[in-house]
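Some notes on the structure that comes next.
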Amino acid sequence: MKENQGSASPRKKVLFVITKSNFGGAQRYVYDLATSLPMDRFEVTVAFGGTGTIGSAPGSLASMLADAGIRTLMIPELARDINIKLETQAFFALVRLFKRERPHIVHLNSSKVGGLGAIAARIINVFTRRSLGEVGPRIVFTAHGWPFWEPRHIFARSIIFFLSYLTVLLSHRTICISEYDTRSIRKMPFTARRLTMIHNGLSPIDFFSRDAARQKLFSESATAAHAQDMWIVTNAELHPNKNLLVGIDAVAAHNAIHNTKILYSIMGTGEMQTQIEQYIHARNLGEHVKLLGFVPDGRRYMRAFDTLFLPSKKEGVPYVLLEAGAAGLPVVASDVGGIPEIIIDGESGYLRAPDDILGFTEALGKLAADPTLRDQMGQKLAENISGDFSLESMMKEVTKMYMM
């Protein structure tokens, strides 16, 4: 787009687009960027779909951005479900959006909106250059973990890999949030110069104290009843990728044979809510497995717990690992994605294969039996993240991508 050549440069219009507006890691990323970009240099708008299904209402990201004074736009056609009719509607909705808003920078987040949005923005690039003599939007795509690593049929994974590759080719710059994800796509032709690895960054957290956090989350009687237990937490969307049924089985296996019990709390909402509730009820696990629902600014409650548990099948670089480190907690997690770039097995936590229930049970048992070990590992993780995972560092690197 043409810019004023006078003494003062106009603000760059940045349009973030993300498929879902319920609050998870990708939404945290968009929120942090949107609310941290300097207002004297950037004019920010965030566009999103609902909470996953077609026609669903806006999620918590919408209200959080509104409270922060960020302009938002709802795109009802954006949904998680894959359907040719819906994809076509969403694509043309994005074309209309980009044509109307005329952003300098389109920052795409999530796999679906990455592919559709990159094509739509390229079309707008051609249109604006030919009819208006202007330069169309710069396209930046952040890959929050590649979807072709999700457990699917090999044919489906091959198609998804090709579409992910196409998204990288159509974007001016793709941000990978882990070295693992960067290596996964860099081997493809013509991608190396389009990729930049930028780890997620954490803003300072005003943690509640241990006692205050427990009082806010649980009744006094429940807190007293579990005073001798090891408290662990998963803060995640209730989605198959998070592998929560395996996590529940690991906790149940531990509690069946050990005197020191584990109280397992799960923060979050999502499509598996009813299934998980039924799973807990059918196995009579409700005494030691608690679904807390969506907890606003849940990271502030991290010190209520002794350990973070993340048994996911697929991850990028989860914010919750950084939040656990800032709170001084050790981590038991799956050895997938970018997690090993943060957690050192045996030093700051334990890493196991996603389907290794016995491995998770054994790792949790070690921490339950040894509070000193928990403290040592939590301190090690705090040291590991102290320099390389700041929001300030992330903002600096992302802003460079906008100005190239």
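A short reminder: the numbers here are calculations on the coordinates, not readings from a lab. Keep in mind the model is a prediction, meaning the values are calculated, not measured. When we count neighbours, we look across all protein chains shown, and the Cβ atoms used for this are built from the backbone with ideal geometry, even at glycine.
At-a-glance table
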read-out	value
Label-point separation in nm, Thr274 to Glu287, each point 7 Å along Cα→Cβ	2.9 nm
For peptides 244-250, 386-392, 171-177, sequence by mean Cβ density within 10 Å, most packed first	171-177, 244-250, 386-392
Reference-scaled alpha-carbon Rg (2.2 N^0.38 Å with N residues) for region 141-210	1.37
The chain: angle of helix 84-101 to the longest principal axis, Cα-based, in degrees nearest 10	60 degrees
Ranked by how many other beta carbons lie within 10 Å on average, peptides 14-23, 28-37, 213-222, 353-362 from highest	14-23, 28-37, 353-362, 213-222
Karplus-derived 3J(HN,Hα), 6.51/-1.76/1.60, for each residue of region 225-241, Hz, glycine and proline x	5, 10, 4, 9, 7, 8, 8, 10, 9, 10, 10, 6, 5, 7, 10, x, 4
Net charge of Cβ neighbours under 12 Å - reference Glu277; Lys, Arg +1; Asp, Glu -1	+2
Global size of region 210-385 as Cα Rg and Dmax, reported in angstrom	14.6, 41
At R0 = 35 Å, FRET efficiency that the Cβ-Cβ distance of Met39 and Arg193 yields, to 0.05	0.65
Cα pair count fraction exceeding 17 Å, expressed as % - region 331-374	27 percent
Among beta bridges that DSSP assigns inside region 210-385, antiparallel share in %, nearest 5	0 percent
Karplus-derived HN-Hα couplings along region 320-337 (A = 6.51, B = -1.76, C = 1.60, θ = phi - 60°), whole Hz, x at Gly and Pro	5, 5, 5, 5, 4, x, 4, 7, x, 9, x, 9, 10, 8, 6, 8, 9, x
Over region 210-385, relative contact order from alpha-carbon pairs under 8 Å, at least 6 apart, %	24 percent
Span per principal axis, largest first, for the Cα atoms of the chain (Å)	73, 47, 39
Among the listed pairs Lys242/Lys396; Lys20/Lys396; Lys12/Lys85; Lys187/Lys290, those beyond 32 Å (Cα-Cα)	Lys12/Lys85; Lys187/Lys290
D (Stokes-Einstein, µm²/s), Kirkwood Cα radius, region 102-241, 0.692 mPa s at 37 °C	178 µm²/s
Crossing angle, helix 244-257 versus the chain [Cα axis fit, 0-90 degrees, rounded to tens]	10 degrees
For Met197, residues with placed amide H under 5 Å, excluding near neighbours	Cys176
Rg to Rh quotient for region 1-103, alpha carbon positions, Kirkwood Rh	1.02
